[in-house]
């Protein structure tokens with residue numbers, strides 16, 4: 001760990017959170033002088049000090065230590081394409097991206113937004129997919145749909161699979177062109 005980077009990173013995070021040194025001292029339970037020494041690169045903080053600082057700043061300790069958040073467009077594309085595992089089983093479209101996202105969360109530029117949006121979309125899509133047969137059955141019993149056939153149900157499910165595939169493909173191109181991803185409609189389960 002480079003002390004100079006840590007000092008700069010600590011000060012940058014503290015200012016970004018709108019905290020004074022005094023407020024950070026109070027929030028972390030560390031002395032004001034300790035905060036000043038770390039920010040002025042006069043001391044190397046212990047593990048406990050790093051933990052307290054990261055807790056007070058509401059950041060992962062790795063985020064405090066790692067100054068450079070890497071830019072890795074290939075990994076973002078890979079993360080986005082991992083959602084295609086829904087083709088094998090719908091829950092895999094949630095699980096595989098979640099594992100990939102959490103393994104690099106906070107370490108790659110734009111991964112947090114992509115991971116949250118993608119997983120929220122996949123959770124929403126999976127819930128809708130599992131409820132469609134139930135809703136179609138309910139609509140036939142209430143008279144909204146007169147005749148429910150298996151082919152009609154399969155066509156609706158096929159359209160849902162196509163929409164999911166289309167979103168993943170379009171957003172893969174958007175990532176490659178360095179544009180923001182758009183996954184709507186989605187329910188924000190992860191914030």
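None of the figures in this text is laboratory data; all of them are computed from the coordinates on show. The structure displayed is predicted, hence computed values, not measured ones. Here the Cβ is made from the backbone with ideal geometry for all residues, glycine too, and neighbour counts use every protein chain on show.
Below is a table of values for the structure above.
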read-out	value
Unit Cα scatterers, Debye sum, segment 71-137: log10 I(q)/I(0) for q = 0.13, 0.15, 0.25 Å⁻¹	-0.37, -0.47, -1.01
Helix-only [θ]222 nm of the chain, DSSP H runs n ≥ 4, -39500 (n - 2.57) each, per residue, nearest 500	-21500 deg cm²/dmol
For 148, 24, order by how many other beta-carbon atoms lie within 10 Å, fewest first	148, 24
Whether segment 36-191 is rounded, prolate or oblate, judged on the alpha carbon gyration tensor where a/c under 1.5 counts as rounded	prolate
Between helix 47-56 and the chain: long-axis angle, C-alpha atoms, 0 to 90°, nearest 10	60
Computed FRET value (nearest 0.05) for residue 48 with residue 23, which takes r as the C-beta separation and R₀ as 22 Å	0.65
Global form of segment 3-65, assessed from the alpha-carbon gyration tensor, a/c cut-off 1.5	rounded
For 22, 146, 122, 63, order by how many other beta-carbon atoms lie within 10 Å, fewest first	146, 22, 63, 122
Label-point separation in nm, residue 150 to residue 128, each point 7 Å along Cα→Cβ	2.5
Label zone at residue 139 (point 7 Å along Cα-to-Cβ), backbone N below 17 Å, segment 149-183	149-163
Pairwise label distance in nanometres, residue 58 with residue 179, each label 7 Å out on the Cα-Cβ vector	3.2
Cβ-Cβ FRET estimate between residue 8 and residue 104, R0 fixed at 25 Å, reported to 0.05	0.65
